[in-house]
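Values quoted throughout were computed directly from the atomic coordinates according to the rules given, and no laboratory measurement underlies them. The structure presented is a predicted model; accordingly, all values stated were derived computationally and were not measured. Note: ideal-geometry Cβ built from the backbone for every residue, glycine included; neighbour counts use all protein chains shown.
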Amino acid sequence: MTRFLASLLFCCLALAGSQPATATPWYATVDHSLQRPPDAGESWDFANGSFEGPLSRETAFEILLKTDTFASSHVGSDGTLSTQVRAFRRVLAEPDAASAFGDLVRRGRMAGQLYGLSGLYLTDRAAFERAVTPYRSSTESVLTFSGCVMFRAPVAELIEDKEYPTSGIAGGGLPRTFQGDSRRRRASQGTSAPSSSQGMPAVEPEVQPHPSPGGGVQSSKKAGNTT
């Protein structure tokens, strides 16, 4: 009996050892901890670093994970594509983008969480609807950057703008703008989109199959708690 049990244990251990180890998803290897430089000013943001050339998927995810600024697609007096949206599009190109954006919602700072929700809207609508619920009634605010203007906006209004329902994240406006399709479509039509009350671009609704997103800087405050 003892020999039989020993043989059975050996077989079980051998079988367990033959099973392939589960690989850690690439996005889960990106550390979310943020180390601010000792001389960093109040306006310092991780996304303001030097990110020349094509972004790796890990660097793109790290930018979204650590940024404190919910930037629009094009910022500054020359309309440069924001680092955050560059990163968003890079992560969106990955085959497991839905899982990556879900992890961003869980581990990102508030701006990163909003980018994560925008990504889920485009890649997994059911997961988006589950994740967005607490943000609809959030009392927090987040720093936004659109054009040459920076200001804090209530998270709940970025999720769903009552005045421009299609311009927020839940209305699909911001996700599609981050994705880039709506900008190309407007350019081909020679039209421009209105701006929402947050200064973020409002996008007209589009019918499509369910998807499988100068001057100096002006600062102002909007209602809502700061983070």
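Between residue 23 and residue 51, how high is the FRET efficiency from 1/(1 + (r/R0)^6) when r is the Cβ-Cβ distance and R₀ = 25 Å? Nearest 0.05. Don't skip to the end; give the middle numbers.
Working: r = 27 Å, r/R0 = 1.07.
Once rounded, the FRET efficiency stands at 0.40.
Using alpha carbon coordinates only, what is the Rg to Rh ratio of the stretch 36-165, with Rh defined as the Kirkwood radius?
0.95
Based on the alpha-carbon gyration tensor of the stretch 77-154 and its eigenvalue square roots a ≥ b ≥ c, which shape applies: rounded if a/c is under 1.5, prolate if not and a/b is larger than b/c, or oblate?
Cα axes put the stretch 77-154 in the oblate bin.
Which of the peptides 121-127, 109-115 is most tightly packed, and how do the rest follow, judged by the mean count of other Cβ atoms within 10 Å per residue?
Top to bottom by mean Cβ count within 10 Å: 109-115, 121-127.
For the pair residue 59/residue 160, report the inter-label distance in nm, with labels modelled 7 Å from Cα in the Cβ direction.
About 3.9 nm, to one decimal.
Going by C-beta contacts inside 10 Å, put 67, 22 in order with the fewest on the left.
In increasing order of surrounding Cβ atoms, one gets 22, 67.
How far apart, in nm, are the 7 Å Cα→Cβ label points at residue 42 and residue 139?
Result: 2.3 nm between the two label points.
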